[in-house]
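Asks: Structure provided below as structure tokens; questions to follow.
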Amino acid sequence: MRWTWRQAVSRRMSRHFLTVPVAASAPAAIPAAAAAICGVHAQIASAAELQLGVRMPVITRTDVRRALWTDRSLVKTYGPRGTVHWLPAADLAIWNGALSAIPARSGLPESARLSAAQSAEVIRAIADALDRGAPTLEVPVGPVLDSACLTLDELDSEVVRRTGPWAADPVVPMFGGMAPRWRQAIAAASYTGVLVFGPNRGPKTTFTRAPVSSLIDETGPEPEVELLRRYLHAYGPASPRDFAQWLAAPLAWASDVFEGARLEPVSLEGTEVWLNAGDAEPVDPPARGVRLLPYFDPYVVGSQPRSLVYPGRASERALGRGQAGVLPVLLVDGVVAGVWHQRRAGRRIVVTVESFSPLRARQLAQLEPEAHRIGEILEGDAELTIGDVAVRAHA
């Protein structure tokens, strides 16, 4: 089957609820929306709130925060590429099973790495510390959390106390200096179902015990194949290389996962790519109109090839060293055609949009409700301006 790029864009826009929003717009549908786009990139919390809000016509940031910290239907944890994501609590076993199956790679010198035995010891120490809490500290517990919420500094003390001085060796490069050796096991601890993020304590991040749903089901289907199926549903047609880049996984591993799945090959502009078996019909009609997507929106982060998602000037202006999502983007007919920025003062939110080519009157008119929706989600009053966006890309 031959596919055009326009057909691929239309399919992805539809699967990401950027053509027609989520039908069930009540807050209860938030985890389903997060599942459909294969997780919400939460490196910037306000951007993550927007990622869900632009796909759901009613919810606000208050609804999203309730799903995270009160209902716990969303969980803040480590997701694709080892980056912070909000994932549906019901899907954690699949995510953890798939992510823990990816061969581990470390950029640290061998002398700085944890051995397998040390990593296992650290993970046991993390679990014990979160179960018991710090003995000299009154630790806040979340609304429905049944274990302690500890900051990194508190975990430093508790893990070293339970393991040994070697865990405190400052060998892991971090922003502003070197972190203790044990911290390189934090993501692994999340993938084995030990920890997730807790509510912030002031400006400090906390960690707490993962819910039971995060435990890997050893008797179920291969989680990496299930994750591939979900990825292709949202981002297909795609290749093993696309899947590997999305997960920051070795290409050989991704190719093996493709081999073990039921897929159909299609030709996308002359390149062989794949879709799930029985899900290879193009979506009509073509995607039209303008959309404003926030930092690290999954649609642009997961879509390939970059040269077509970010055509022309967009590749120079809206990508950071080839990395997608480092700037909020203007989509025109499903591809990046500009950037935007929002600046807040009290309830007033000024949304500035820079288009890389002149917009038609109909497209300009569509920007007004897009900016208005940004204000609704962030619980403020948005004002739209057209002009140059001078902010730098986010790291």
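Where a number appears in this text, it was derived from the coordinates with a stated rule and is not lab data. Quantities reported herein were computed from a predicted structural model and do not represent experimental measurements. Quick reminder, even Gly has a Cβ in these numbers, built from the backbone with ideal geometry, and neighbours come from all protein chains shown.
Asks: For each of 197, 207, 175, count neighbouring Cβ atoms within 10 Å of the residue's Cβ, then give the residues from fewest to most.
Replies: Starting with the residue having the fewest Cβ neighbours, the order is 175, 197, 207.
Asks: Tell me which trypsin sites (Lys or Arg not before Pro) from the stretch 321-395 have a DSSP coil assignment and no more than 12 other beta carbons within 10 Å of their own.
Replies: Here the sparse-neighbourhood loop sites are 321, 347, 360, 392.
Asks: Can you list the HN-Hα couplings for the stretch 172-187, worked out from phi with the Karplus curve (6.51, -1.76, 1.60; θ = phi - 60°), rounded to whole Hz and with x for Gly and Pro?
Replies: Values, residue by residue: 9, x, 9, 4, x, x, 10, 9, x, 4, 4, 5, 5, 9, 4, 4 Hz.
Asks: Give or take rounding to whole Å, what are the principal axis extents of the alpha carbon atoms in the stretch 100-214, in descending order?
Replies: The Cα atoms of the stretch 100-214 stretch 41, 30, 25 Å along their principal axes.
Asks: Run the paramagnetic zone check for residue 394: 7 angstrom along Cα to Cβ, then residues of the stretch 21-50 with backbone nitrogen under 13 Å.
Replies: The answer is 40-50, whose backbone nitrogens lie closer than 13 Å to the label point.
Asks: Counting helices only, and only those DSSP H runs with n ≥ 4, report the 222 nm mean residue ellipticity of the chain as the sum of -39,500 (n - 2.57) divided by its residues, in deg cm²/dmol to the nearest 500.
Replies: About -10000 deg cm²/dmol.
Asks: Count neighbours as other Cβ atoms within 10 Å of each site's Cβ, and list the trypsin sites (Lys or Arg not before Pro) in the stretch 226-314 that are DSSP loop with at most 10 such neighbours.
Replies: Numbers: sites: 229, 230, 241, 262, 288, 291, 306, 313; in loops: 262, 288, 313.
Sparse-neighbourhood loop trypsin sites (Lys or Arg not before Pro): 262.
Asks: Something else now. On C-alpha positions alone, give me the angle between the axis of helix 152-162 and the longest principal axis of the chain, in degrees, nearest 10.
Replies: 40 degrees
Asks: Let me ask you something else. Residue separation times 0.36 nm, minus the C-alpha to C-alpha distance between residue 267 and residue 323: what's the value? Each step should come with its number before you reach the end.
Replies: Values: separation 56, 0.36 × 56 = 20.16 nm, distance 2.53 nm.
Once the chain is fully extended between residue 267 and residue 323, it gains 17.6 nm.
Asks: Quick check: residue separation of residue 357 and residue 279 times 0.36 nm, minus the Cα distance between them. What number comes out in nm?
Replies: Between residue 357 and residue 279, full extension yields an extra 24.6 nm.
Asks: Would you work out the charge dipole size for the chain about its Cα centre, treating the Cβ of every Lys and Arg as +1 and the Cβ of every Asp and Glu as -1, and quote it to the nearest 20 debye?
Replies: 900 debye
Asks: May I pose another question? Given H placed 1.01 Å from N in the peptide plane, which residues other than close sequence neighbours of residue 74 have an amide H under 5 Å from its amide H?
Replies: Amide H neighbours of residue 74: 68, 89.
Asks: Charges only on Cβ, +1 for Lys and Arg, -1 for Asp and Glu: so what's the dipole of the stretch 290-386 about the Cα centre, in debye to the nearest 20?
Replies: Details: 12 positive and 10 negative charges, 47 e Å.
For this selection, approximately 220 debye.
Asks: Also, quick follow-up: Using a/c under 1.5 as the rounded threshold, could you call the stretch 290-386 rounded, prolate or oblate? The axes a ≥ b ≥ c are square roots of the C-alpha gyration tensor eigenvalues, and prolate needs a/b larger than b/c, oblate otherwise.
Replies: Numbers: a/c = 2.11, a/b = 1.52, b/c = 1.38.
Here the stretch 290-386 falls in the prolate category.
Asks: Taking amide H positions as placed 1.01 Å from N in the peptide plane, with prolines and chain starts having none, which residues 5 or more places from residue 266, or on another chain, fall under 5 Å of its amide H?
Replies: 273, 274, 275
Asks: Looking at the stretch 226-331, which GluC sites (Glu not before Pro) are DSSP coil and have at most 16 other C-beta atoms within 10 Å of their C-beta?
Replies: In loop regions of the stretch 226-331 (DSSP not H, G, I, E or B), the sparsely surrounded GluC sites (Glu not before Pro) are 269.
Asks: Which three lengths, in whole Å and largest first, does the chain cover when its Cα atoms are put on their principal axes?
Replies: 65, 53, 39
Asks: List, in order, the whole-Hz ³J(HN,Hα) value for each residue of the stretch 68-76 obtained from phi through the Karplus relation with A = 6.51, B = -1.76, C = 1.60 and θ = phi - 60°; use x for Gly and Pro.
Replies: Going residue by residue, I get 6, 10, 10, 6, 6, 7, 10, 10, 8 Hz, with x marking Gly and Pro.
Asks: If you don't mind, another one. For the residue pair residue 1 and residue 46, what label-to-label distance in nm results when each label sits 7 Å from Cα along the Cα-to-beta-carbon direction?
Replies: Distance between label points: 4.2 nm.
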